[in-house]
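Novice: If you scroll down you'll find the structure; I have some questions about it.
The values are calculated or read from the model by the stated rules, or taken from the named source; none is laboratory data. Predicted model, so just to flag it, every value in this text is computed and none were measured. Heads up, the Cβs are rebuilt from the backbone with ideal geometry, glycines too, and the neighbour counts pull from every protein chain shown. Quick note on the areas: whole protein, heavy atoms, side chains included, nothing else; ligands and nucleic acids left out. Shrake-Rupley method; radii C 1.70, N 1.55, O 1.52, S 1.80 Å.
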Amino acid sequence: MFVLRAKYLLINPRTVIKNGAVIIKNNKINFAGNFNEIDKSQQQSITDLGNAAIVPGLINAHTHLELTHLDGRIDFTGSFADWISKIIQAKKAWTVQDSTLSVRAGIKKCIEAGTTTIADVTRNGFSLSELQKCTLRKFVFCEVINFDPSQAEETVIDFKSRIKGTNEDHLLEVGIFPHSPYTVSKELYTQCGKISDDLKILFSTHICETDEEIEFLMKGTGNLADLLRNLNMLKGWIAPGLKPIAYLNNLGLLKDNLLLVHCNYVSQEEFMMVEKSKGHVVFCPKSHRYFHHKNYPFQEFVTHNINMALGTDSLASNDSLSILDEMKYLYDEENALEPEDIFSMGTVGGATALGLEERIGKLEPGFDADITVIQLPEDVNGNFFENFFSPEAQCIFSVVSGSVCFDKYGLYNPL
Ligand SMILES: [Zn+2]
């Protein structure tokens, strides 16, 4: 059992307590409230984190750690298809060792950023083996890619062999990640849905990311069609003539275990489809900026009661793997959003999307002890979130399932 105390404590996005403290016992939150309410007659370990905020652990609901070493190497010049080609090219000469080191660098960045739960997409399984060794809570989504309908069956068999032998524990779950509607055949998408039902695993996919994707599905033309044609992947394909989410709906894939990543361009009809399915949306704010997308439809998602989580996506389209950085960016750029709603997306929203809303995302007694501590600048205006989202605010400490995961200044004081 140990106690963390700090100037502030956030039990949930709307409850800020001054002179806060949290007691962690048997990996769970035992108490979260004012430090003065703690029984101090017993000798116990107390770590004072000072001018900081103890908050629910930050959740990154979408990233690709395998691409960490592409940091700053891929520029975007207006065509999404060209951007994909550059990634394929840049990774061509990577060895197993290169990919492994890239994943390790990504894990380190996530931990230092105060992430306690990560949903990572692995192409080759490198991140599965590396993440298994680390103390983060993780969802490892194994990516499947194949646009040839005749190979759907064998791609699925390959997926099953990739996850076979994975020792899921209380900190690790696997999921399935068909890459996108322009890299996965209709037949393979359908099979992925069936597997996620049979194995009761989460299902996630990139969707409605670009105008190019919509043109590809609606008309079968544009840059993505050209890219696939050049890769000899378009043989016999006929565009479904549907918008991306409508296409997934048509395949019977919209369900409450589905994480729809991006959703930058969504029609009214599609908002209603997602609402009805109780599926979740993962928004990647700084990646959205990197590609110069149009304004994000926050209000529509709120109106349709659609749960929203935050992701960083990879360093091929971002300069950071920090959910705090994503929240700071939204606080600075999206005036229509309340700071509590921004904070909610990076905690409760992520927990809900990953099916863990009864266990993480809040600091309530009985919840798993997943905690992030953010050091704050000197308080000049008395506005908590102004300080929390300021450029100087940084992670100094984190706890995952009751174990200290990151301690920047060596403050942890066990008895
Ligand atoms: Zn992605």
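Novice: Probe of 1.4 angstrom, ligands and nucleic acids ignored: what's the accessible area per residue over the chain, in square angstrom?
Specialist: Value returned for the chain: 41 Å² of accessible area per residue.
Novice: I would also like to ask the following. Can you pick out the pairs among Lys235/Lys278; Lys86/Lys160; Lys91/Lys138; Lys109/Lys276; Lys294/Lys408; Lys186/Lys328 whose Cα atoms lie more than 32 Å from each other?
Specialist: Lys235/Lys278; Lys109/Lys276; Lys294/Lys408; Lys186/Lys328
Novice: Still on this structure, I have one more. Are there trypsin sites (Lys or Arg not before Pro) in region 265-331 that DSSP marks as loop and that have at most 10 other Cβ atoms within 10 Å, and which are they?
Specialist: Loop-located and lightly packed - Lys294.
Novice: Taking the chain as a Gaussian network, Cα atoms linked when under 10 Å apart, which of Ala119, Ala61, Ala90 shows the biggest mean-square fluctuation?
Specialist: Looking only at Ala119, Ala61, Ala90, the biggest GNM fluctuation is shown by Ala90.
Novice: Could you go through region 132-148 in sequence order and give the Karplus-derived ³J(HN,Hα) for each residue, using 6.51 cos²θ - 1.76 cosθ + 1.60 with θ = phi - 60°, rounded to whole Hz, and x for Gly and Pro?
Specialist: Rounded to whole hertz, the list is 4, 7, 9, 8, 6, 7, 9, 10, 9, 8, 7, 6, 10, 9, 5, 9, 8.
Novice: Still on this structure, please answer the following. Suppose R0 equals 60 Å. What FRET efficiency, 1/(1 + (r/R0)^6) with r the Cβ-Cβ distance, do Arg229 and Asp169 give to the nearest 0.05?
Specialist: It comes to 0.85.
Novice: Let me ask another. Hey, rough spin-label estimate for Lys92 and Lys160, points 7 angstrom out along Cα→Cβ, what's it come to in nanometres?
Specialist: Here the answer is 3.5 nm between the modelled labels.
Novice: Of the candidates Ala336, Ala316, Ala351, which one comes out as most mobile in a Gaussian network treatment of the chain with C-alpha springs shorter than 10 Å?
Specialist: Ala336
Novice: I've got another one for you. In nm, to one decimal, how far is the Thr221 label point from the Glu357 one, both placed 7 Å along Cα→Cβ?
Specialist: Reported label-point gap for Thr221 and Glu357 is 4.3 nm.
Novice: Report, to the nearest whole %, how much of the accessible area of region 58-353 belongs to carbon and sulfur atoms, 1.4 Å probe, protein only.
Specialist: Numbers: 5870 of 11950 Å².
On region 58-353, the fraction of accessible area on carbon and sulfur atoms equals 49 percent.
Novice: Please work out whether the chain counts as rounded, prolate or oblate from its C-alpha gyration tensor, where a ≥ b ≥ c are the square roots of the eigenvalues and a/c under 1.5 means rounded, while otherwise a/b larger than b/c means prolate and anything else oblate?
Specialist: Numbers: a/c = 1.92, a/b = 1.73, b/c = 1.11.
Note, shape of the chain comes out prolate.
Novice: Also: Once a ≥ b ≥ c are taken as the square roots of the eigenvalues of the Cα gyration tensor of region 164-304, is the result rounded (a/c under 1.5), prolate (a/b larger than b/c) or oblate (a/b not larger than b/c)?
Specialist: It is oblate, given that a/c is not under 1.5 and a/b is not larger than b/c.
Novice: What's the center-to-center distance, using Cα atoms, between region 92-133 and region 13-83 in Å?
Specialist: Taking the Cα centre of each part, region 92-133 and region 13-83 sit 20 Å apart.
Novice: At Glu386 and Gln44, where each label point lies 7 Å from the Cα along Cα→Cβ, what is the point-to-point distance in nanometres?
Specialist: About 3.5 nm, to one decimal.
Novice: Do any trypsin sites (Lys or Arg not before Pro) in region 207-239 lie in a DSSP loop with no more than 13 other beta carbon atoms within 10 Å, and if so, which?
Specialist: Sparse-neighbourhood loop trypsin sites (Lys or Arg not before Pro): Lys235.
Novice: Which one, Ile11, Ile23, Ile238, has the greatest fluctuation when you compute a Gaussian network model over the chain with C-alpha springs under 10 angstrom?
Specialist: For the chain, modelled as a Gaussian network with Cα springs under 10 Å, the answer is Ile238.
Novice: Give the distance, in whole Å, between the Cα centre of region 154-207 and the Cα centre of region 256-330.
Specialist: 21
Novice: Moving to a separate point now. For every helix of n ≥ 4 consecutive DSSP H residues, a contribution of -39,500 (n - 2.57) applies; sum these over the chain, divide by its total residues, and give [θ] at 222 nm rounded to the nearest 500 deg cm²/dmol.
Specialist: Value at 222 nm, helices only: -9500 deg cm²/dmol.
Novice: By DSSP, what percent of the beta bridges with both residues in the chain are antiparallel, rounded to the nearest 5?
Specialist: Details: 30 of 67 bridges.
Around 45 percent of the beta bridges assigned by DSSP in the chain are antiparallel ones.
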